[in-house]
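Here's the structure, in structure tokens; my notes come after.
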Amino acid sequence: MLLIKSKFKIAKRLGAAIFEKTQSQKFALSEARSAANKKNSRGGRGGSDYGRQLLEKQRVRFTYGISERQLSNYAEAAYTQPDPSTSLHRALEMRADSAAYRAGLLPTRRAARQAVSHGHITVNGKRTTVPSYRVKKGDVLGIREGSRQSPLFAGLLENKAENTRAVPSWLTVDLSLLQAAVVGEPAYNAVETGLDYPTVFEFYSR
């Protein structure tokens, strides 16, 4: 599992969106003040191409909580496809941990990664302990029967009416069954995702 020492320190460098914990008004105000101070002290100078590429690569890596080697392997495989950005996005989004998070079965990607690693999540009724396991159209993710009393899922059913996180169109969710079905594949939109994959490919092509 990727260990993160200081989420706030990393998010100040890479952007609040990479962690659920830093997506708050308080953090946004702090980030805005820091950005203004940096601009005043540096005269608004932009960074190098390498710095920009490195920053975007790190944003993707921390957003999905994966290692440098994992992201490098994903990028290398995606770059051979007709649409590298979409291919990379699908590889990242359709990981078992990410899909479980997107479906709302877990509150954060980190919690989803932990749930999969500990065998709490099933794919087509079979327990998986591999967070990077790639789900596909037709698969059904669920919470293992013996794991439903785990603190990881505390309040999931009781608070389902308050769950306002949007479920992507490639998933359908039935919280009464604690299941999510993969009904399609995610599409890549740079504006919606907030991630610039072409810049990541630039980094790895250096």
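The values are calculated or read from the model by the stated rules, or taken from the named source; none is laboratory data. Because the structure is predicted, anything quoted here is derived from the model rather than measured. Ideal geometry is used to build each Cβ from the backbone, glycine not excepted, and the neighbour counts take in all protein chains shown. To get the accessible areas, we keep the full protein, side chains included, count just its heavy atoms, and leave off ligands, DNA and RNA. Shrake-Rupley method; radii C 1.70, N 1.55, O 1.52, S 1.80 Å.
Table for the structure above
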quantity: Residue pairs meeting the criteria (Cβ under 9 Å; at least 6 apart or on separate chains; first basic (Lys, Arg), in the range 147-165; second open to solvent by less than 70 Å² (accessible area, probe 1.4 Å) and modelled with pLDDT under 85); calculated: Arg148/Leu156
quantity: Neighbours by Cβ (under 8 Å, 6+ apart or cross-chain): first from the range 179-206, farther than 30 Å from His120 by Cα; second of a type in the set (D, E, K, R) and assigned to a loop (DSSP other than H, G, I, E, B); calculated: Ala190/Asp196
quantity: Residues satisfying the stated conditions in the range 92-114, i.e. out of contact with any strand residue (DSSP E or B) (no Cβ under 7 Å at 6 or more places or on another chain) and either open to solvent by 10 Å² or more (accessible area, probe 1.4 Å) or of a type in the set (Ser, Thr, Tyr) (or both); calculated: Ser98, Tyr101, Pro107, Thr108, Arg109, Arg110, Ala111, Arg113, Gln114
quantity: Candidate set: the range 74-111, residues that are modelled with pLDDT of 95 or more and farther than 21 Å from Ala190 by Cα; chosen: the one nearest to the chain's Cα centre (by Cα); calculated: Asp97
quantity: Of all residues making up the range 164-203, the number that are open to solvent by 70 Å² or more (accessible area, probe 1.4 Å), outside any loop (DSSP other than H, G, I, E, B) and touching a Lys or Arg at 6+ places or on another chain (Cβ under 8 Å); calculated: 0
quantity: Gly146 being open to solvent by less than 10 Å² (accessible area, probe 1.4 Å), out of contact with any helix residue (DSSP H, G or I) (no Cβ under 7 Å at 6 or more places or on another chain) and not hydrophobic (A, V, I, L, M, F, W, C); calculated: no
quantity: Residue within the range 156-163 that is of a type in the set (Gly, Ala, Ser) and open to solvent by less than 80 Å² (accessible area, probe 1.4 Å) present; calculated: no
quantity: Residue pairs meeting the criteria (Cβ under 7 Å; at least 6 apart or on separate chains; first at positive phi, in the range 58-70; second open to solvent by less than 40 Å² (accessible area, probe 1.4 Å) and not in a helix (DSSP H, G or I)); calculated: Gly65/Leu2
quantity: Number of positions in the range 154-169 that are at pLDDT below 85 and on the phi < 0 side of the Ramachandran plot; calculated: 11
quantity: Check on Leu88, in contact (Cβ under 8 Å) with a residue 40 or more places away in the chain, part of a helix (DSSP H, G or I) and not basic (Lys, Arg); calculated: yes
